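Comments concern the structure below.
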Amino acid sequence: MTTKKYELVELDSGRKSAMEARSGTLGPDCLNIAGLSKDLGLFTFDPGFMATAACESRVTFIDGDEGVLLYRGYPIEQIATKSSFIEVAYLLIHGELPTSQQLEQFDHAIRYHTMINESLLRFFNGFHHDAHPMAMVSAVIASMAAFYHDSMDNHNPRHREIFAHRILAKIPTIAAASFKHNRGQPFIYPRNDLDYCSNMLRMFFATPAAEYEVDPVAAQALDLLLILHADHEQNASTSTVRLAGSTGTNPYAAISSGVSALWGPAHGGANEAVLAMLEEIGTVDNIQKFLARVKDKQGNTKLMGFGHRVYKNFDPRAKIIREMCHKVLARLGHTDNPLFELALRLEEIALKDEYFIARKLYPNVDFYSGVIYSALGIPRSMFTVMFAIARTAGWVAHWQEMIADPAMKIGRPRQLYTGPVQREYVDIEKRD
Ligand code: CMC
């Protein structure tokens, strides 16, 4: 790592603050502004963290201009073709690819933690039949803190490891329980002899009256989607997990806050919003009319699944998913899927449009993921839950990295205050 020196001078007084910029292994240097407040009484102002690195991390790297995504240094294109979600989770959490024995042990630990406490299962009776599954999943994950609190010491590496196994293993079970609750069907218990995605599909689609035969193509497609969504460096939900976790809170509570942050349509909720948008557009003939509304900006209509804070080029995950879409739809016999055809045309038209070209807006990971989830029979309201299952691997990796760092500090941003200056309290009878 190299360091470059900078100096900020207050022109009126000549007071100075010296700063150093640290180089990472990849990406732009970062200026250490810790001395600014002491030297010049200044804070920095950067709403939306447009140019602020909130932490040092070794997990994931994105080059938004080049469309590069690396998990622990490995390109997403290689990971997507050669790995499995369970191996990716191991890689993200442990930092290295596992040996066969390590992978087997990790896989075994996940398979044998899939059941949830029966009391936790009864929580679902308290939800209305049409409760959004993201609301149920975040609430039930937060409730896990009630089951694993006294036994959880954040500073004990073995406790952290057991937490990682539990949350990765149980989140599909919790997701399936929310799915079944919406359907009014009985809960289907997990089966430890099935792999992660096959078990999940079975918990979703089997009923006590009819066993569900898992289609290996469907399980493989789901595994790929989980890999592509597993981590994305300091995105809004991961930063939320880090911020909540920095207080030393119970890690299940921190993960639940990540699920809540993911839900918004600007983040993980985009996959659900894309399908709603495609259904609203309906046919190719309506694309231009819809895009005119987007460009007009009057109604705050966005082309969902397009644009990204970091990628100003193709999101590499979108390219992989689009290709996967072709394969999955063909293998599942949905060759003339109208929503996919519409998405392809919409992408083609938008990419030639000056509005999107000038703003460097390209399809992101969520533009096509919903089409695949739909083809797998997963309802729209569950799309963001699927994202949450995948991103749990990244959230755990970042939480572990932060908690294990002896230099960790509570996250506590400052502000530019623009409210009233100090004033005297006015008694109610004297107010106009
Ligand atoms: N449709 C139309 N215009 C857009 C879009 C879009 N999808 N995205 C950005 N813009 C415009 C925006 O209005 C602004 O225009 P102008 O310069 O005229 O004011 C310009 O592009 C820059 O956008 P921004 O809002 O400053 O960019 P941002 O980095 O703050 O927002 C984003 C990034 C992802 C929130 C945004 O692109 C967006 O809302 N996209 C649609 C939602 C979506 O697909 N989200 C999923 C992101 S990928 C999955 C994940 O990681 O969560």
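The values are calculated or read from the model by the stated rules, or taken from the named source; none is laboratory data. What you see is a predicted model, and the numbers here were worked out from it, not measured in a lab. All Cβ positions, glycine included, derive from the backbone under ideal geometry; neighbour counts span all protein chains shown. Heads up: the accessible areas ignore ligands, DNA and RNA and are worked out on the full protein's heavy atoms, side chains in. Shrake-Rupley method; radii C 1.70, N 1.55, O 1.52, S 1.80 Å.
Here segment 341-375 is the region considered, the condition is being among the basic types (Lys, Arg) and in contact (Cβ under 8 Å) with a residue 12 or more places away in the chain, and the residue that is least open to solvent (accessible area, probe 1.4 Å) is ARG345.
Filtering segment 162-185 to residues that are open to solvent by 10 Å² or more (accessible area, probe 1.4 Å), farther than 25 Å from GLN105 by Cα and either part of a helix (DSSP H, G or I) or in contact with a strand residue (DSSP E or B) (Cβ under 7 Å, 6 or more places away or on another chain) (or both) leaves HIS181, ASN182, ARG183, GLN185.
Return yes or no: is PHE205 over 24 Å from the mean Cα position of the chain (by Cα), surrounded by 19 or more Cβ atoms within 10 Å (Cβ to Cβ) and either more than 16 Å from the ligand (Cβ to nearest atom) or β-branched (Val, Ile, Thr) (or both)? I'd like the intermediate steps shown before the answer.
Numbers: over 24 Å from the mean Cα position of the chain (by Cα): yes; surrounded by 19 or more Cβ atoms within 10 Å (Cβ to Cβ): yes; either more than 16 Å from the ligand (Cβ to nearest atom) or β-branched (Val, Ile, Thr) (or both): yes.
When the stated conditions are applied, PHE205 passes them.
LEU278 meets the conditions (1) closer than 22 Å to MET386 by Cβ; (2) not in a helix (DSSP H, G or I) in every case but one. The failed one is (2).
Residues of segment 301-327 being surrounded by fewer than 19 Cβ atoms within 10 Å (Cβ to Cβ), closer than 23 Å to LEU225 by Cβ and within 11 Å of the ligand (Cβ to nearest atom), which ones? Passing the criteria: LYS302, ARG309, VAL310.
The numbered conditions (1) at pLDDT below 95; (2) touching a helix residue (DSSP H, G or I) at 6+ places or on another chain (Cβ under 9 Å) are all true for ALA210 except (2).
Scan segment 84-101 and give yes if some residue there is out of contact with any Asp or Glu (no Cβ under 9 Å at 6 or more places or on another chain) and among the hydroxyl-bearing types (Ser, Thr, Tyr), otherwise no. Yes, because at least one residue in segment 84-101 is out of contact with any Asp or Glu (no Cβ under 9 Å at 6 or more places or on another chain) and among the hydroxyl-bearing types (Ser, Thr, Tyr). A residue that is of a type in the set (Ser, Thr, Tyr) and in contact with a Phe, Trp or Tyr (Cβ under 9 Å, 6 or more places away or on another chain) can be found somewhere in segment 305-326.
Is segment 394-409 home to any residue that is in contact with a helix residue (DSSP H, G or I) (Cβ under 7 Å, 6 or more places away or on another chain), more than 27 Å from CYS55 (Cβ to Cβ), open to solvent by less than 10 Å² (accessible area, probe 1.4 Å) and assigned to a helix (DSSP H, G or I)? The answer is no, given that none of the residues of segment 394-409 is in contact with a helix residue (DSSP H, G or I) (Cβ under 7 Å, 6 or more places away or on another chain), more than 27 Å from CYS55 (Cβ to Cβ), open to solvent by less than 10 Å² (accessible area, probe 1.4 Å) and assigned to a helix (DSSP H, G or I). Considering LEU342, LEU332, the condition of being within 18 Å of TYR368 (Cβ to Cβ) and either near the ligand (Cβ under 10 Å from one of its atoms) or at pLDDT 90 or above (or both) is satisfied by LEU342 alone. With respect to the conditions (1) surrounded by fewer than 17 Cβ atoms within 10 Å (Cβ to Cβ); (2) under 17 Å from the mean Cα position of the chain (by Cα), PHE147 lacks only one, and its number is (2).
Restricted to segment 376-388, and to residues there that are open to solvent by less than 40 Å² (accessible area, probe 1.4 Å) and in a helix (DSSP H, G or I), the residue that is nearest to PRO216 (Cα to Cα) is MET386.
Kindly indicate the residue of segment 328-337 that is free of Cβ contacts under 8 Å to residues at least 12 places away in the same chain and not acidic (Asp, Glu) and also farthest from ASP63 (Cα to Cα) among those meeting that condition. Outline the logic, then answer.
Within segment 328-337, the first condition is being free of Cβ contacts under 8 Å to residues at least 12 places away in the same chain, and the residues that meet it are 330, 333, 335-336.
Cutting the leftovers down to not acidic (Asp, Glu) gives us 330, 333, 335.
Details: ALA330: 32, GLY333: 36, THR335: 34 Å.
Among them, the one singled out is GLY333.
Of all residues in segment 279-300, none satisfies being at pLDDT 95 or above, within 11 Å of the ligand (Cβ to nearest atom) and surrounded by 22 or more Cβ atoms within 10 Å (Cβ to Cβ). For ILE93, the test of being under 26 Å from ALA142 (Cα atoms), assigned to a helix (DSSP H, G or I), over 18 Å from the mean Cα position of the chain (by Cα) and in contact (Cβ under 8 Å) with a residue 60 or more places away in the chain is failed. Step by step: first the residues of segment 267-278, then only those that are in contact with a Gly (Cβ under 9 Å, 6 or more places away or on another chain) and of a type outside the set (A, V, I, L, M), then the one that is least open to solvent (accessible area, probe 1.4 Å). Which residue is that? Among residues in segment 267-278 that are in contact with a Gly (Cβ under 9 Å, 6 or more places away or on another chain) and of a type outside the set (A, V, I, L, M), the one least open to solvent (accessible area, probe 1.4 Å) is ASN271. Of everything in segment 212-234 that is part of a loop (DSSP other than H, G, I, E, B) and without any contact (Cβ under 8 Å) to a residue 40 or more places away in the chain, the residue that is farthest from the ligand (Cβ to nearest atom) is GLU213.
Among the residues of segment 96-125, which ones are outside any helix (DSSP H, G or I) and either β-branched (Val, Ile, Thr) or out of contact with any helix residue (DSSP H, G or I) (no Cβ under 6 Å at 6 or more places or on another chain) (or both)?
Within segment 96-125, GLU96, THR99, TYR112, THR114, MET115, ILE116 qualify.
Tell me, yes or no, whether segment 239-246 has at least one residue that is open to solvent by 30 Å² or more (accessible area, probe 1.4 Å), part of a helix (DSSP H, G or I) and within 14 Å of the ligand (Cβ to nearest atom). For segment 239-246, residues open to solvent by 30 Å² or more (accessible area, probe 1.4 Å), part of a helix (DSSP H, G or I) and within 14 Å of the ligand (Cβ to nearest atom): present.
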